[in-house]
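Notes follow once the structure below has been shown.
The values are calculated or read from the model by the stated rules, or taken from the named source; none is laboratory data. The shown structure was predicted, so the numbers you read here are calculated from the model rather than taken from an experiment. Glycine also receives a Cβ, built like all others from the backbone with ideal geometry; neighbour counts cover every protein chain displayed. We work out accessible area using only protein heavy atoms, side chains counted, and drop any ligands, DNA or RNA first. Shrake-Rupley method; radii C 1.70, N 1.55, O 1.52, S 1.80 Å.
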Number of protein chains: 2
Amino acid sequence: MAITLFDLAGADPALRFSPYCWRTRMALAHKGLAVETIPWRFADKSRIAPYGSEKVPVIVDGERAVGDSWAIAEYLEDTYPERPSLFGGSSGRAHARFINAWADSVINPAVGRLLILDIYAQLDPGDWAYFRASREARFGQTLEAVAAGRGQRLRALREAFAPVRSVLSHQPWLGGAAPSYADHILFGTLQWARCISRFELLATDDPLTEWRGRMLGLFDGLGQSAVTV
Amino acid sequence: MAITLFDLAGADPALRFSPYCWRTRMALAHKGLAVETIPWRFADKSRIAPYGSEKVPVIVDGERAVGDSWAIAEYLEDTYPERPSLFGGSSGRAHARFINAWADSVINPAVGRLLILDIYAQLDPGDWAYFRASREARFGQTLEAVAAGRGQRLRALREAFAPVRSVLSHQPWLGGAAPSYADHILFGTLQWARCISRFELLATDDPLTEWRGRMLGLFDGLGQSAVTV
């Protein structure tokens, strides 16, 4: 039986853009596990409340439900150890947690800020009030003020990717010789931008662009075939 | 026969403060390998030139010489695989490279900037001209201008440690249940500051302070017993 994934969607239910849901999509594909996605909107909190979660991704695997992308990755690794490994052992997992925390605390807030009006524009109208109120509370500013100064902020974001560039100058994937969950973490961020916006985060000659191209082709082009705006 | 380590020293030859040399000291201790350190100054470039290096750390292990802290860690892991692992396998190593790149590109430049006059003050007078010229060229400013605004920069540095705090809220070490080379990477940075300066990088209640305390105690208190200013 396929695993069910509650997956953040826009007004177009085929538009799936959450960076955290993308981590889970990639992790499921990495494990070769079938998935059935259910488009989910912020207004649908009651649909995942029975699983003890207020946010997506949430997966339901038979009797088990798991929320939070990191917890899902650990669940998949521990429940399906005979399938291709996401972490490559306990040290690989421990160190990947740092990459996860870096993406969550440094990169995703910066990208979210750059994209915030693009995201807003693609949401289902029923999500507008919630999104505006929750994000304006988080940033302490209107969405429009959060989005201002995009050129300057883009430069800072590109600088923040410096450690990734350094790693990719030594090895083809963050995971080393093959992609690992570390790659899926960062890919989720770039796929978020790619799906929700035409604003390009990466310069053409950035090594991340080449790496993203390879990520888009993984798992029969799962990322490549995603609906974009 | 003990491994030789060329180790950056101040005017006091017992003062050893390089963050990269500290990574190597910790890696050698982690592997349980005996080491004989040779105090090295910037003016001593000719002493390591025969080993193909312009900077320390450089280790000499019998017939082999290796420079660059990351290359040394890989050398030790590959040459002494039967001793306690630094990386915990290939994924652990691949992901640790990200942590290394993050420390090198984000953290160490920020800390170096905070400490630059403290470092200068402790150097052997024979190193002053080289240090001033090379660092002023790197920053495009006088050392005094680089050091200005320390309070504001300290706040930014503490924010930059956010991913570490997040990881330590889930596991005792960056390496997971036990310290790995990832811990030694970051410890090198904090030990640099601890040895060369009385300027405290961490707040008392920062989880990094507690972690640093545990790091100082490893390997019979190797870090704890270091000479400080």
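Results, tabulated for the structure shown:
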| item | result |
| --- | --- |
| Any hit, the stretch B:190-199, residues being among the polar types (S, T, N, Q), assigned to a helix (DSSP H, G or I) and free of Cβ contacts under 8 Å to residues at least 24 places away in the same chain | no |
| From B:Ala193, B:Ala182, residue being within 30 Å of B:Gly32 (Cβ to Cβ), surrounded by 18 or more Cβ atoms within 10 Å (Cβ to Cβ) and touching a His at 6+ places or on another chain (Cβ under 6 Å) | B:Ala182 |
| The stretch B:136-175, residues that are in a helix (DSSP H, G or I), within 14 Å of chain A (Cβ to nearest Cβ) and open to solvent by less than 40 Å² (accessible area, probe 1.4 Å) | B:Leu157, B:Ala160, B:Ala162, B:Pro163, B:Val164, B:Val167, B:Leu168 |
| Criterion violated by B:Asp206 - all others in (1) open to solvent by 10 Å² or more (accessible area, probe 1.4 Å); (2) under 21 Å from B:Val106 (Cα atoms); (3) under 17 Å from the mean Cα position of the chain (by Cα) satisfied | (3) |
| Filter pass, A:Arg212 being surrounded by 17 or more Cβ atoms within 10 Å (Cβ to Cβ), more than 14 Å from chain B (Cβ to nearest Cβ), basic (Lys, Arg) and under 18 Å from A:Arg16 (Cβ atoms) | yes |
| Residue check, B:Pro109 without any contact (Cβ under 8 Å) to a residue 60 or more places away in the chain, within 14 Å of another protein chain (Cβ to nearest Cβ) and not in a helix (DSSP H, G or I) | no |
| The stretch B:26-63, residues that are in contact with a Ser or Thr (Cβ under 8 Å, 6 or more places away or on another chain) and exposed (fewer than 14 other Cβ atoms within 10 Å of the Cβ) | B:Glu36 |
| Selection count, the stretch B:75-99, where residues are open to solvent by less than 10 Å² (accessible area, probe 1.4 Å) and more than 7 Å from every other protein chain (Cβ to nearest Cβ) | 2 |
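Yes or no, residue by residue, for (1) closer than 15 Å to B:Asp183 by Cβ; (2) touching a residue at least 24 places away in the same chain (Cβ under 8 Å); (3) touching a strand residue (DSSP E or B) at 6+ places or on another chain (Cβ under 6 Å):
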| position | (1), (2), (3) |
| --- | --- |
| B:Ser53 | no, no, yes |
| B:Val56 | no, yes, yes |
| B:Arg64 | no, no, no |
| B:Ala73 | yes, yes, no |
| B:Asp78 | no, no, no |
| B:Pro81 | no, no, no |
| B:Ser105 | no, no, no |
